[in-house]
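Trainee: There's a structure below that I have some questions on.
Read-outs throughout are calculated quantities, based only on the coordinates presented, and are distinct from any laboratory measurement. Keep in mind that what you see is a predicted model, and the values were worked out from it rather than measured. Every residue, glycine as well, gets a Cβ built from its backbone with ideal geometry; the counts of neighbours run over all protein chains shown.
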């Protein structure tokens, strides 16, 4: 990645990797909903679906209207074969989107 | 007589640090910050604008809901249903100084359309103020968007140039596709 430089030569902008960014943000604020949402996704991607759901539930306690959270919750329940929970989360997502 | 109101969900698309958040910040708040702060999670911003109604004579009030998302691909596929469900338009952002960011828009559009269907896309090449560091030849930009049938514009979130036109452009493109 490049950014402006007075001499016209682009400088590389170091962008921390997502996991590092999440860690930094949570160290500053353990209830950072954005960082928690991404942490839920990272854990789910690593195969820890139950942990991802637990973190996601924490996000939704802090902000029940967090964009995309209910739909992501539905997805994770679906990945776990939990049809009823998936449908319930999907209904909440639709309510939020009205 | 009150205007007819339409709600539109527009998803920002584009690689990290192309300026998705900066474009929104400029358009909605008329502010710009040179510091790069990577977006984590999802940010929603709402903006109302009055536009011509392509299907009628009276203007419309478009209540635009802009979904700003992380530009990194780490968990993008896992989160795509959460992000893109119900999207009605894509604002695809490239960085004038990074060639790969234009090419990457195809994958972004594919990912969004796999969830939202064949929705209208508007392209914007941001950082137009950095002409001296241009990595995208004008002819390449024009042919890229022409081949895909995406209307597009140059913009600079830093100076504000082209920003209003970009957001009005995507709104008009979405409304025009529905008429």
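Trainee: Once the Cα atoms of helix B:20-29 and of chain B are each reduced to a long axis, what angle between those two axes, in degrees from 0 to 90 to the nearest 10, is obtained?
Mentor: The angle comes out at about 50 degrees.
Trainee: Let me ask something additional. How large is the helix-only mean residue ellipticity at 222 nm for the protein assembly as shown, computed as the sum of -39500 (n - 2.57) over DSSP H runs with n ≥ 4, divided by its residue count, in deg cm²/dmol to the nearest 500?
Mentor: One gets -14000 deg cm²/dmol as the mean residue ellipticity at 222 nm.
Trainee: Which value in nm describes the separation of the simple spin-label points at residue A:28 and residue B:46, placed 7 Å from the Cα toward the beta carbon?
Mentor: Placing both labels 7 Å along Cα→Cβ, they lie 2.7 nm apart.
Trainee: Still on this structure, I have one more. Please list log₁₀ I(q)/I(0) at q = 0.19, 0.20 Å⁻¹ for the range B:1-75, using the Debye equation with identical point scatterers on the alpha-carbon positions.
Mentor: -0.82, -0.87
Trainee: Give me Rg/Rg_expected for the range B:50-150, where Rg uses Cα atoms only and Rg_expected = 2.2 N^0.38 Å with N residues.
Mentor: Against the compact-globule rule of thumb, the ratio is 1.22.
Trainee: As I understand it, the value is the acute angle between the Cα axis of helix B:163-178 and the longest principal axis of the Cα atoms of chain B; what does it come to in degrees, rounded to 10?
Mentor: 50
Trainee: Per residue of B:136-145, how many C-beta atoms from partner chains lie within 10 Å of its own C-beta, taken as a mean?
Mentor: Partner-chain Cβ atoms within 10 Å, mean over residues of B:136-145: 0.
Trainee: Specify the inter-centroid distance of the range B:1-54 and the range B:107-140, based on alpha-carbon positions, in whole Å.
Mentor: Cα centres, the range B:1-54 to the range B:107-140: 15 Å.
Trainee: When a footprinting reagent is the concern and you count Cβ atoms within 10 Å, what order do B:12, A:27 take, fewest first?
Mentor: With the sparsest Cβ surroundings first, the list reads A:27, B:12.
Trainee: Tell me the angle of helix B:105-116 to the major Cα principal axis of chain B, expressed in degrees between 0 and 90 and rounded to the nearest ten.
Mentor: The answer is roughly 40 degrees.
Trainee: If each residue's Cβ is checked for other Cβ atoms within 10 Å, how do B:7, A:75, B:172 rank with the fewest at the top?
Mentor: Result, fewest neighbours first: B:7, B:172, A:75.
Trainee: Rounded to the nearest 5, what % of DSSP beta bridges with both residues in chain B are antiparallel?
Mentor: The antiparallel proportion sits near 30 percent.
Trainee: Evaluate the relative contact order of chain B (contact order divided by residue number), counting alpha-carbon pairs under 8 angstrom at least 6 apart; express in whole percent.
Mentor: 27
Trainee: Taking each residue in A:66-76, count the Cβ atoms of any other chain within 10 Å of its Cβ, then average. What number comes out?
Mentor: Partner Cβ neighbours, averaged per residue: 5.
Trainee: What do the square roots of 5 times the Cα gyration tensor eigenvalues come to for the protein assembly as shown, in whole Å, largest first, as semi-axes of the equivalent ellipsoid?
Mentor: So the equivalent ellipsoid measures 30, 25, 17 Å along its semi-axes.
Trainee: Hull surface divided by four, with the convex hull built on the Cα atoms of chain B: how many nm²?
Mentor: Convex hull of Cα atoms, orientation-averaged projection: 10.1 nm².
Trainee: Could you tell me the largest-minus-smallest coordinate of the C-alpha atoms of the range B:88-131 on each of the three principal axes, in descending order and whole angstroms?
Mentor: 35, 17, 8
Trainee: Please give the length that would be gained between residue A:82 and residue A:97 if that part of the chain were fully extended, namely 0.36 nm times their separation in residues minus their C-alpha to C-alpha distance (nm, one decimal).
Mentor: In short, 3.2 nm is gained.
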